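Presented below is the structure to which this report refers.
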Amino acid sequence: MALIVQKFGGSSVANAERIFNVARIITEKYRQGNSMVVVVSAQGDTTDDFIDKAAEINPNPSKREMDVLLSAGEQISMSLLAMAIEKLGYPVVSLTGWQAGFLTDSSHGIARIRRVNTERVELELGKKNIVIVAGFQGLNRYDDITTLGRGGSDTSAVALAASLKADVCQIYTDVDGVYTADPRLVKNARKLDEITYDEMLELASLGAQVLHNRSVEMAKKYNVNLEVLSSMERKPGTIVKEVVKVEKMLIKGVAKDSNIARFSILGVPDKPGVAFKIFSTLAAKKIDVDIILQSIGRDGTKDISFTVSNSNEQAALEVCNQMKEVMGALSVACDENVSKVSVVGAGMQSNPGVAAKMFEALAEANINIQMISTSEIKISVLIEKKDANKAVEAIHDAFAI
Ligand code: ADP
Ligand code: ASP
Ligand code: MG
């Protein structure tokens, strides 16, 4: 008998038939004597629809009110799933994120979980109830509703699994595991039986939306047994774990992220302290910067470029304009028409051929590279957005993973 945390994504609970399918997956495990805690996302495109609805009323709503609205999606799912389980004749209770004890910081729209007070969930488990919890939501210390960022229900599930010391956390979705590339983009993508936390974290952070990157971060930190599997087909999925048996394959996957923008501050003075000033100002505003490129100085000036996620675009533009004034730079450019494509796999730096192979694949596909960044576990390139899908396929083919 085990304590199992399961999470079902939006497509898995999109309609009545799928909700009953999910209810059967849960009750089958319950019948075998397991304690069941289940996190749900909003149905289908509900969250996107809510965002459109808000825009009809106010194109610039406060983040607080956005969170009030978006958190409603998960509450619809949790009650409908609980009703389906009732109908099947099992004891069940649904809880909002706050009833389930999710306390977060105050960064509306991208809140981080500070703590999960699990008393209520444990009380319900003690009463032999199946516990359904709304994902993606919590309360800050002022008792205001917060949400965890798009895809955040995965993180709710892992946080609950860690706090409850669950035996396993199963993330059910619309694909049957983690693939070497998005299976919807690359037809030769291959399902992985296992992947390490670090590799999964890179894939997730680089745009593979199958798991929220913070959920992987948390799973690694608290050593949560994580499995990604299909709610539509009954078969084993992908296990995310610490150590994976050594495989010959070096490259684990290819990911793309099109929700980014590139900024360039052109003609900044070529003297010490310039990069420090720009990036410390960005950091003070909590703007995460990804790839950075600085040109070699010429005629006393240089150019500095960097990428940020779309959500930080406006804030980054303000910083760039401010820096231009302060430093007397020539101009600021912003390009939204870019994507980042990355290869991920352990031991990248000790294999110099990997970068060459990736660049060769892009050259053969006639795709121009704008920026490059490497780490021991990944190589990323910035390219034009229109080339992104072609690049993912070309790189995936080149490595034959
Ligand atoms: P859910 O609603 O269940 O949370 P998501 O849409 O957030 O599901 O994530 C699942 C999707 O992630 C898949 O439909 C797939 O298109 C996409 N995806 C991107 N990269 C990968 C990958 N490497 N492996 C599997 N799925 C991926
Ligand atoms: N419903 C939220 C979203 O669409 C959270 C999630 O699905 O994980 O982003
Ligand atoms: Mg998701």
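No lab work stands behind these numbers, since they all come straight from the coordinates. Model, not experiment: these values are computed from the prediction. Backbone-built Cβ (ideal geometry, glycine too); neighbour counts: all protein chains shown.
List of remarks:
- The chain - mean residue ellipticity at 222 nm from DSSP helices (-39,500 (n - 2.57) per run, n ≥ 4, rounded to 500): -11000 deg cm²/dmol
- Residues with amide H under 5 Å from that of LEU88, placed H, sequence gap 5 or more: none
- Each residue of segment 369-380 was assigned a 3J(HN,Hα) from its phi angle through the Karplus curve 6.51 cos²θ - 1.76 cosθ + 1.60 (θ = phi - 60°); the sequence is 9, 8, 9, 9, 9, 10, 9, 5, 10, 7, 10, 10 Hz, with glycine and proline shown as x.
- For segment 1-140, a simple Cβ point-charge model (Lys and Arg +1, Asp and Glu -1, everything else neutral) yields a dipole of about 580 debye relative to the Cα centre.
- Taking one quarter of the surface of the C-alpha convex hull of segment 345-384 gives a mean projected area of 2.7 nm².
- The relative contact order of the chain, computed from alpha carbon pairs under 8 Å that lie at least 6 residues apart in sequence, is 13 percent.
- Note that segment 125-131 has calculated 3J(HN,Hα) couplings of 4, x, 7, 6, 7, 6, 10 Hz, one per residue in order, obtained from phi through the Karplus relation 6.51 cos²θ - 1.76 cosθ + 1.60 (θ = phi - 60°); glycine and proline are x.
- Out-of-range pairs (alpha-carbon distance over 31 Å; input LYS7/LYS285; LYS286/LYS386; LYS285/LYS390; LYS63/LYS128; LYS53/LYS385; LYS187/LYS385): LYS7/LYS285; LYS285/LYS390; LYS63/LYS128
- The loop-placed GluC sites (Glu not before Pro) in segment 188-227, going by DSSP, include none that has at most 15 neighbouring Cβ atoms within 10 Å of its Cβ.
- Span from the segment 302-337 Cα centroid across to the segment 53-129 one, whole angstrom: 37 Å
- Per-selection Kirkwood Rh - the chain (Cα, Å, 1 d.p.): 22.6 Å
- Vicinal HN-Hα couplings computed from phi for segment 209-222 (Karplus, 6.51 cos²θ - 1.76 cosθ + 1.60; Hz; Gly/Pro x): 6, 4, 9, 5, 4, 5, 5, 6, 3, 6, 4, 5, 4, 9
- Segment SER280-ARG64, length gained on full extension (0.36 nm per residue, minus Cα span): 75.0 nm
- Full-extension gain in nm, GLU86 to ASP174, via 0.36 nm per residue minus C-alpha separation: 29.2 nm
- With all projection directions averaged, the alpha carbon convex hull of segment 199-335 covers 11.7 nm².
- Between ALA14 and GLY44, the built amide H atoms are under 5 Å apart, and every one of these is 5 or more places off in sequence or on another chain.
- Computed from Cα positions, the angle between helix 63-87 and the longest principal axis of the chain comes to roughly 30 degrees.
- Against the rule of thumb 2.2 N^0.38 Å, how large the Cα Rg of segment 213-287 comes out: 1.82
- Approximate spin-label separation ILE76-ASP270, in nm, with each point projected 7 Å along Cα-to-Cβ: 5.8 nm
- Ordering TYR142, TYR30 by the number of other Cβ atoms within 10 Å of each residue's own Cβ, fewest first, gives TYR142, TYR30.
- Under DSSP loop assignment and at most 13 Cβ neighbours within 10 Å, longest trypsin sites (Lys or Arg not before Pro)-free interval of the chain: 1-126
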